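These notes are about the structure you will find just below.
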Amino acid sequence: MDSRDYMLRAIELAKKGRGFTAPNPMVGAVIVKDGRIIGEGFHERCGELHAERNAFASLRESAEGAEMYVTLEPCCHYGRTPPCTEAIIENRISRVFIGSRDPNPLVSGKGAKILREQGIEVTEDFMKDECDRLNPVFFHYITTGMPYVVMKYAMTLDGKIAAYTGKSQWITGVTAREHVHSLRGYYSAVLAGIGTVLADDPMLNCRLKGAHQPLRVVVDSALRIPENSKLCRSAGEYPLLIACTSYDEEKKLRLEAMGAEILVLPSKDGHVDLAALMKALAERQISSVLIEGGGELNESALKSGIVNHVCAYIAPKLMGGRDAKTPVSGQGADCPDNAARLYNRSITLLGEDILMEYDVERGLIDVHGNN
């Protein structure tokens, strides 16, 4: 094995914390001595030991003179756990390979500086691109203070998310639907609009065994959600937040008694202000949101500028129908130049379906051409 192999192992370890570390990053660490891995670990859960300290806890022999490969710059401040730089120094590591630089101002550049001051050789930006891909959520949240928002939808090859009858189960196959549950287990919250709730009566939970369960969020301006919906009936088991602008007091009390949290927010264009909702979620340390809405909610999310990433599952079907629903509805852009711009394409085959992913360059521009 060479240095790249050791960092690849650290990346593999980091991914084991997916869904459980938020709002912290996913981090992996590997300790190598005389060409042998003698310790390894990852950040398993927010509030628990960081990757470096878990790696030291797994040591089978002294780490004196060893190298450490860590996917993110070691922390150097006291938070929920002690600084990892202290553990590296105490264990007499001789060299540290760092993948990503930590954008947290409490850490950025300081962790590497402290190690160098103690005579430890530090190599920064080692396999940086590969390590950076672990934590787009953390990087966005720590630099903006707002959740990283992913818009997800499934559509046919001709761009339909439901038939003209409104029926949408199932557009994609089993493999793609299982992949959606892995996304729910990764992101901190799953968000849907009241239209989707009334049409499909979804649960919005993650059905993968042992996975993280996201906060379920419903955008419901007038608090129309049925009390016998799956979401409300399961509110005592899976967390549920309903964002509204107005409500009936008695219904609000009944929903709260069922376990739901009712959040009253300002109105924008007659609906819940999505930017205000994201701010409220950030205050709850919700660092990422997966939108599983219909065309109206998707259009509102793009127009409000909150979307960072798009996951489009495409099925090899042609639905047709002038009245069949599409992923993004509303008025839309007035010309192709004013459409939402996407970049950084990746394509994944999921059975017979295709997952296409893009980052969002800018939000949907309104019909007057204003940002």
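The values are calculated or read from the model by the stated rules, or taken from the named source; none is laboratory data. Just so we're clear, the structure is a prediction, and the values are computed from it rather than from any experiment. Every residue, glycine as well, gets a Cβ built from its backbone with ideal geometry; the counts of neighbours run over all protein chains shown. Keep in mind that these areas ignore ligands, DNA and RNA; they rest on the heavy atoms of the full protein, side chains included. Shrake-Rupley method; radii C 1.70, N 1.55, O 1.52, S 1.80 Å.
Criterion first (at positive phi, open to solvent by 40 Å² or more (accessible area, probe 1.4 Å) and without any contact (Cβ under 8 Å) to a residue 60 or more places away in the chain) does G65 satisfy it?
Details: at positive phi: yes; open to solvent by 40 Å² or more (accessible area, probe 1.4 Å): yes; without any contact (Cβ under 8 Å) to a residue 60 or more places away in the chain: yes.
Yes.
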Only one of these conditions is not met by I11: (1) in a strand (DSSP E or B); (2) open to solvent by 10 Å² or more (accessible area, probe 1.4 Å). Which number is it?
-> (1)
Can you pull out the residues in region 25-48 that are under 22 Å from the mean Cα position of the chain (by Cα) and open to solvent by 40 Å² or more (accessible area, probe 1.4 Å)?
-> E44, R45, E48
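Could you tell me whether any residue of region 128-138 is assigned to a strand (DSSP E or B) and among the charged types (D, E, K, R)? Working first, answer last.
From region 128-138, those assigned to a strand (DSSP E or B) are none; that's our starting set.
Checked region 128-138: no residue is assigned to a strand (DSSP E or B) and among the charged types (D, E, K, R).
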Report yes if M68 is modelled with pLDDT of 95 or more and part of a loop (DSSP other than H, G, I, E, B), otherwise no.
-> no
Find the residue count for region 317-361, including only residues that are under 19 Å from K303 (Cα atoms) and surrounded by fewer than 13 Cβ atoms within 10 Å (Cβ to Cβ).
-> 6
Scanning region 64-111 for residues that are within 19 Å of K33 (Cβ to Cβ) and among the basic types (K, R) gives R92, R95
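In region 181-189, is there at least one residue being part of a loop (DSSP other than H, G, I, E, B) and not basic (K, R)? Talk me through it step by step, then tell me what you get.
Quick first cut of region 181-189, residues part of a loop (DSSP other than H, G, I, E, B) only: 187-188.
Restricting the remaining residues to those that are not basic (K, R) gives 187-188.
Yes, region 181-189 has at least one match.
For region 190-201, which residues satisfy the criterion of being part of a helix (DSSP H, G or I) and either of a type in the set (S, T, N, Q) or surrounded by fewer than 17 Cβ atoms within 10 Å (Cβ to Cβ) (or both)?
Narrowing region 190-201 to residues part of a helix (DSSP H, G or I): 194-200.
Correct list: T196, L198, A199.
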Here are some conditions: (1) in contact with a Leu (Cβ under 8 Å, 6 or more places away or on another chain); (2) open to solvent by 10 Å² or more (accessible area, probe 1.4 Å). G99 meets all but one. Which one does it not meet?
-> (2)
Failed condition for K33, given (1) on the phi > 0 side of the Ramachandran plot; (2) modelled with pLDDT of 95 or more, with all others met?
-> (1)
When region 106-164 is checked residue by residue, the ones that are of a type in the set (S, T, Y) and open to solvent by 20 Å² or more (accessible area, probe 1.4 Å) are S108, T123, Y141, T143, T144, Y148, Y153, Y164
Determine whether region 173-196 contains at least one residue that is farther than 19 Å from C46 by Cα and of a type in the set (F, W, Y).
-> no
Among the residues of region 165-179, count how many are hydrophobic (A, V, I, L, M, F, W, C), touching a residue at least 40 places away in the same chain (Cβ under 8 Å) and surrounded by fewer than 21 Cβ atoms within 10 Å (Cβ to Cβ).
-> 1
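From the list N24, N54, which one is within 30 Å of H179 (Cα to Cα) and either in contact with a Pro (Cβ under 7 Å, 6 or more places away or on another chain) or not in a helix (DSSP H, G or I) (or both)? Give the steps one after another, and end with the answer.
On the way: N54 fails: either in contact with a Pro (Cβ under 7 Å, 6 or more places away or on another chain) or not in a helix (DSSP H, G or I) (or both).
N24 is the lone residue from the list that is within 30 Å of H179 (Cα to Cα) and either in contact with a Pro (Cβ under 7 Å, 6 or more places away or on another chain) or not in a helix (DSSP H, G or I) (or both).
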Considering region 87-96 alone, what residues qualify as being open to solvent by 70 Å² or more (accessible area, probe 1.4 Å) and assigned to a helix (DSSP H, G or I)?
-> E90
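Results for (1) in a helix (DSSP H, G or I); (2) touching a helix residue (DSSP H, G or I) at 6+ places or on another chain (Cβ under 9 Å), shown as yes or no for each residue.
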{"site": "S108", "(1), (2)": "no, no"}
{"site": "R116", "(1), (2)": "yes, no"}
{"site": "V122", "(1), (2)": "no, yes"}
{"site": "F126", "(1), (2)": "no, yes"}
{"site": "K152", "(1), (2)": "no, yes"}
